[in-house]
Amino acid sequence: MYSFLDTLKKSVKSPEVRRKILFTLGIFLLFRFLAHIPVAGVDLGQLKNLFAGNQFLGLLNIFSGGTLANFSIMALGLGPYINASIIMQLLTMVFPKLEEMQQEGESGRKKISQYTRFLTIPLSVLQTIGMYALLRSQGIIGDLSPLSMISFILTMTAGTMLLVWLGELITQKGIGNGISLLIFGGIVGQFPVVVAQTFSTITPETMTNTLTFVALGLVVIAAVVFMTEATRQIPVYYAKRVRGNRDQGGEATYLPLRLNQAGVIPIIFAVSIVLLPSLFANFFASSSNATLAGIARNLNIWFAPTGIFYNVFYFLLVVGFTFFYTAIVFNPKKISEQIQKHGGFIPGVRPGSPTTKYLNYILTRITLVGASFLGMVAILPGIANALTGVQTLLLGGTSILIVVAVVLETFKAIEANLVMRSYDSYLVNKK
């Protein structure tokens with residue numbers, strides 16, 4: 001706590017860091033202002049009722065920063081950009097040219113970022129068409145003429161690209177990762193409304209359950225912080241080599257393996273799959289075809305968010321996607337080759353294939369722990385509501401993961417800026 005407050009005091013005193021923080025807050029204000037500019041022709045009352053009964057749309061609303069429930073000009077939010085980023089990460093593993101580009105340094109990363117923005121546009125168009133079809137089927141928006149439809153698509157796509165641009169402005173001129181901070185701002189912006197709704201429904205009979213819910217939330221936040229920062233440090237030694245008149249190497253370091261290599265990505269994958277049956281069931285529940293209507297009713301029963309089948313299936317999907325995504329972002333064979341190339345070795349393990357097997361063994365063990373934790377966090381809302389009966393204050397595991405990760409990342413970015421400013425001032429004084 002002392003380190004946190006001390007860092008905040010130093011950041012306020014530093015003119016450069018203070019300017020970056022104020023710039024970030026200014027972008028936040030602009031984002032919240034644009035989030036309340038609605039698109040014409042949408043029945044907001046029916047829209048809120050639709051979101052209240054659909055968890056899939058609720059998750060999309062989280063990543064849109066609350067703009068989807070208001071159906072503002074930024075209703076799509078950053079969802080298309082996040083999907084484009086995930087697709088580019090997967091394509092990097094498939095196409096060697098993209099992998100080489102990623103390893104080129106800053107210039108390669110800029111090219112991949114540009115490709116990600118290009119890919120965001122068609123994804124935004126497809127998501128806009130899908131959202132229009134959903135809203136029209138629910139009677140929230142009427143039929144649009146071809147010209148109005150084009151205008152509707154352009155408005156939604158432009159809103160997403162504007163939001164991406166604001167996020168990149170924060171990354172370049174502000175503090176921390178702009179995309180993550182905008183998602184964080186959307187989640188935190190809805191928190192006061194939820195808290196106010198909870199306090200308005202508290203009675204003496206429900207006070208104990210509410211306090212239990214709050215205590216459980218604090219325990220979960222502490223656990224998320226611990227698991228996010230937890231790493232397994234593997235010692236690596238480098239042999240001493242003589243080049244000319246200088247000795248190189250002969251030092252010891254550590255290879256840090258994070259307990260949660262995948263972050264929140266597996267939950268995004270899993271929830272997109274596990275909630276699709278309920279989304280399709282809503283479309284066909286009122287179908288004139290008796291067979292389709294019966295299938296829709298069964299899907300609603302099996303995939304009810306409070307059901308055991310739903311939560312077990314959700315948990316297994318998160319665990320499976322965690323192993324899948326970890327295998328994509330961390331390649332033990334490449335790591336072992338780089339260690340061997342620089343003359344390094346892990347004590348007690350021979351270089352080459354034995355090192356790869358050892359890293360695979362360690363990675364599988366820690367990923368199992370991290371995946372199990374992610375799975376428990378994913379099904380946390382159902383567990384918390386079953387234990388306490390509190391329905392208004394939703395303890396969303398995905399939201400907690402995002403908020404905690406962004407706070408830690410931003411705090412480290414502030415510290416890095418302060419260290420850099422201190423180093424620059426030291427060099428100036430030394431000259």
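A Cβ distance below 8 Å, combined with a sequence gap of six or more or placement on separate chains, defines the contacts here; from region 77-100, residues that are without any contact (Cβ under 8 Å) to a residue 60 or more places away in the chain reach residues that are open to solvent by 80 Å² or more (accessible area, probe 1.4 Å) and not in a loop (DSSP other than H, G, I, E, B) in the pairs Met88/Tyr115; Thr92/Gln102; Glu99/Met93. Answer yes or no as to whether Gly176 is modelled with pLDDT of 85 or more and closer than 30 Å to Lys20 by Cβ. For Gly176, the condition - modelled with pLDDT of 85 or more and closer than 30 Å to Lys20 by Cβ - is not met.
The set of residues from region 363-380 being open to solvent by less than 60 Å² (accessible area, probe 1.4 Å), touching a residue at least 60 places away in the same chain (Cβ under 8 Å) and under 19 Å from Leu259 (Cα atoms) comprises Leu363, Ile366, Thr367, Gly370, Ala371, Phe373, Leu374, Gly375, Val377, Ala378.
Considering only residues in region 245-263 that are surrounded by fewer than 11 Cβ atoms within 10 Å (Cβ to Cβ) and in a strand (DSSP E or B), the one that is modelled with the lowest pLDDT turns out to be Asp247.
Within the set of pairs 6+ apart or on separate chains, which have a first residue in region 289-301 that is more than 16 Å from Asn311 (Cα to Cα) and assigned to a helix (DSSP H, G or I), a second that is of a type outside the set (Phe, Trp, Tyr) and open to solvent by 90 Å² or more (accessible area, probe 1.4 Å), and C-beta atoms under 9 Å apart? If the second residue must be of a type outside the set (Phe, Trp, Tyr) and open to solvent by 90 Å² or more (accessible area, probe 1.4 Å), the pairs left are Ala293/Ser286; Ala296/Ser286.
With respect to the conditions (1) modelled with pLDDT of 80 or more; (2) polar (S, T, N, Q); (3) within 30 Å of Val94 (Cα to Cα); (4) open to solvent by 20 Å² or more (accessible area, probe 1.4 Å), Thr322 lacks only one, and its number is (4). Could you list, in sequence order, all residues of region 336-362 that are surrounded by 16 or more Cβ atoms within 10 Å (Cβ to Cβ), closer than 30 Å to Ile267 by Cα and touching a helix residue (DSSP H, G or I) at 6+ places or on another chain (Cβ under 6 Å)? Of everything in region 336-362, those that are surrounded by 16 or more Cβ atoms within 10 Å (Cβ to Cβ), closer than 30 Å to Ile267 by Cα and touching a helix residue (DSSP H, G or I) at 6+ places or on another chain (Cβ under 6 Å) turn out to be Ser336, Thr356, Leu359.
Within region 151-170, the presence of at least one residue that is over 30 Å from Val403 (Cβ atoms), open to solvent by 40 Å² or more (accessible area, probe 1.4 Å) and out of contact with any Lys or Arg (no Cβ under 9 Å at 6 or more places or on another chain) is confirmed.
Yes or no: region 179-190 includes at least one residue that is surrounded by 12 or more Cβ atoms within 10 Å (Cβ to Cβ) and at pLDDT below 70. Steps first, please.
Looking only at region 179-190, we keep the residues that are surrounded by 12 or more Cβ atoms within 10 Å (Cβ to Cβ), and these are 179-190.
The next check asks that each one be at pLDDT below 70; those that pass are 190.
Yes; the residues of region 179-190 include at least one that is surrounded by 12 or more Cβ atoms within 10 Å (Cβ to Cβ) and at pLDDT below 70.
Within region 325-335, the residues that satisfy the criterion of being part of a helix (DSSP H, G or I) and either open to solvent by 20 Å² or more (accessible area, probe 1.4 Å) or at pLDDT 85 or above (or both) are Thr326, Ala327, Ile328, Val329, Pro332, Lys333, Lys334, Ile335. Picking from residues in region 129-150 that are modelled with pLDDT of 85 or more and open to solvent by 50 Å² or more (accessible area, probe 1.4 Å), the one that is farthest from the chain's Cα centre (by Cα) is Leu147. Restricting region 287-309 to residues that are among the hydroxyl-bearing types (Ser, Thr, Tyr) and in contact with a helix residue (DSSP H, G or I) (Cβ under 7 Å, 6 or more places away or on another chain) leaves a set whose member that is modelled with the lowest pLDDT is Ser287.
The values are calculated or read from the model by the stated rules, or taken from the named source; none is laboratory data. This one's a predicted model, so the numbers in the text were calculated from it and none came from an experiment. Here the Cβ is made from the backbone with ideal geometry for all residues, glycine too, and neighbour counts use every protein chain on show. The area values use the complete protein model at the heavy-atom level, side chains included, leaving out ligands, DNA and RNA. Shrake-Rupley method; radii C 1.70, N 1.55, O 1.52, S 1.80 Å.
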